[in-house]
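Notes for the one structure printed next.
Quick note: the coordinates plus some simple rules give every number you see, no bench work behind them. Worth saying up front: this structure is predicted, and the values here are computed from it rather than measured. Cβ: placed from backbone, ideal geometry, glycine included. Neighbour counts: every protein chain shown.
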């Protein structure tokens, strides 16, 4: 039996993201000997807390993120067609996001912070992704659907981290979303919302512009993502 579509090994992540240093074992990458841990969750929790300053851990945590998927043994969700009509009548700050649908934006962390400031008064959902990341691909249809359904009230922003621009554009062509993504080759945008460690990562800002919650790893279902939006970004 093949590996589930939502899994990725540390070596695969490193191969697809050339900026990451290669390590032969997860313990070497994290600096943590998982053989001393009684449970996988112990090792996972330690890695997430330790990993901010170790780039190689990004690939390792892509594996960790997959553990959340109860749906790993089923077919992955499929990309959906967008209905732009559902977004008509959105307030100007949100409509401006929709006018940049599917674009990769320059400007880095400074531009991202300015956008957050411009969106004060609206809750914001930020999704960090990469084209080489299977868990990102798995959850992207959830963002396609909910950003269209909620896009007149909630702002959605993407952050394309540690990625190849050509591959990122192909990814967005396959999975179109009604909002732009900021280019983040050095994870400087992700650092703004404490999202460096895992791929994918989703951050939630309240209408005051305060960071309310950061979800490390992917979502197993559209319902789980919708629950967090309702809880942290309303």
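Structure notes:
- Protection proxy ranking of 200-209, 133-142, by the mean of other Cβ atoms within 10 Å over each peptide's residues and highest first, is 133-142, 200-209.
- Each of 231, 152 has some number of other Cβ atoms within 10 Å of its Cβ, and from fewest to most they run 231, 152.
- Under the simplified labelling scheme, the residue 81-residue 194 pair shows an inter-label distance of 4.2 nm, with each label point 7 Å from Cα along Cα→Cβ.
- Exposure proxy ranking, count of Cβ atoms within 10 Å, fewest first, for 79, 131, 161: 79, 131, 161
- Between the C-alpha center of the range 175-231 and that of the range 85-102 there is a gap of 19 Å.
- Prolate/oblate/rounded label for the range 136-234 (Cα gyration tensor, a/c 1.5): oblate
- Coarse-grained scattering of the range 88-182 at q = 0.14, 0.23 Å⁻¹, given as base-10 log I(q)/I(0) from a Debye sum over alpha-carbon atoms: -0.46, -1.24
- For 229, 157, order by how many other beta-carbon atoms lie within 10 Å, fewest first: 229, 157
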